[in-house]
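Reviewing the structure listed below.
Bear in mind these aren't lab numbers, they're just calculated from the coordinates by the rules spelled out. These numbers come from a predicted model, not from an experiment. Note that each Cβ is placed from the backbone with ideal geometry, even for glycine, and that neighbours are counted across all protein chains shown.
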Amino acid sequence: AAMLVPVGVLRLPRGPEGSSRGFNPASPRFQALLGEQMTAQGVQANLRQRYLRALGAARGHPTRFYLRAGVQVDAVFGAADVDAVAFQVDALRTPLGVQAAALLRYTDVLAYTFLL
């Protein structure tokens, strides 16, 4: 049987100096979790690669999007833009009807799931 895999949209808080994303590669927690071999840039590249693979796996699959205010919509996943602004979907089923094609803004999407 197919299993739904939740994929959360991660928004990291700003660090105390305003320009960081809340990670301190020199912290004991960072070192304990990831080891000293991994640099911050390597970790970021690895996470980005895993996220892009997940987006590639979702293409053409029925996907459920969980939006703000508790709204759930179903669609066929098409693509995501490079600038992380919108998801392109087909056959978007909303409480008001079906749209042949649509763009869902990243800022409105809390999470999405698709069948593997």
Based on Cβ point charges of +1 for Lys and Arg and -1 for Asp and Glu, what charge dipole magnitude is obtained for the range 59-114 about its Cα centre, in debye rounded to the nearest 20?
160 debye
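Let me know the Kirkwood hydrodynamic radius for the range 59-114, please, with Cα pairs as the basis and the value in Å to one decimal.
Kirkwood radius, the range 59-114: 11.1 Å.
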Length added when fully stretched, Leu115-Val5, from 0.36 nm per residue minus Cα-Cα
38.9 nm
